[in-house]
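In what follows, a structure is listed as structure tokens, so that the remarks can point back to it.
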Amino acid sequence: MKRIMVLGIGNLLMSDDGFGVHVVRKLAEMGLPDAVELVDGGTHSYDLLDYFEQSDICFVVDAMHTGGKPGTVYRAPLNELGLTPSADIQSLHEISFAEAMHMVRLLGHNPEVIVYGIEPEYVDIGLELTSVVAEKVDWVAGKIHQEISELLSS
């Protein structure tokens, strides 16, 4: 059986940046089979290396600044996003999701990664998602839940 993980990335103290964590919490409420691991990744990409190595399929949920309309949801395989690791990393605190995935691949593990992103409206100090982003939490959680159900039934 494939090992599936859903990773929510984001900072709950920065309004819409916390979207990924909110989606993971919603999925926990919905219930998933024990074969699926839900991870609140917060803002610690380096700490996530172990999680990436333990999964065959990983859904990553995060806020993504692409210049689109706030609330727009994106879904794409990681390899289609064109993310490249930075050559200017000075410390482990600067490692982003792209660098973490690059390191996992250098270690010989290559999980299938599907990214769900949302265009944020507001990323600044604040504990609440904006309404345009908050209304997408249930929808994205439902889509991921559906994809996982299909993967587990095939």
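Quick grid of which residues meet (1) loosely packed, with under 15 Cβ neighbours inside 10 Å; (2) among the basic types (Lys, Arg); (3) closer than 23 Å to Leu106 by Cα:
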site: Ile9; (1), (2), (3): no, no, yes
site: Asp16; (1), (2), (3): no, no, no
site: Phe19; (1), (2), (3): no, no, no
site: Lys26; (1), (2), (3): no, yes, no
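Whether a residue is assigned to a loop (DSSP other than H, G, I, E, B) and more than 24 Å from His65 (Cα to Cα) was assessed, and His145 does not pass this test. Filtered by the rule that a residue be surrounded by fewer than 16 Cβ atoms within 10 Å (Cβ to Cβ), in a helix (DSSP H, G or I) and modelled with pLDDT of 85 or more, segment 102-133 gives a lone residue, Ser131. Scanning segment 88-101 for residues that are small (Gly, Ala, Ser) and either assigned to a helix (DSSP H, G or I) or at pLDDT below 60 (or both) turns up Ser91, Ala98, Ala100.
The values are calculated or read from the model by the stated rules, or taken from the named source; none is laboratory data. Owing to the predicted nature of the structure, the values given are computational and were not obtained by experimental measurement. Cβ: placed from backbone, ideal geometry, glycine included. Neighbour counts: every protein chain shown.
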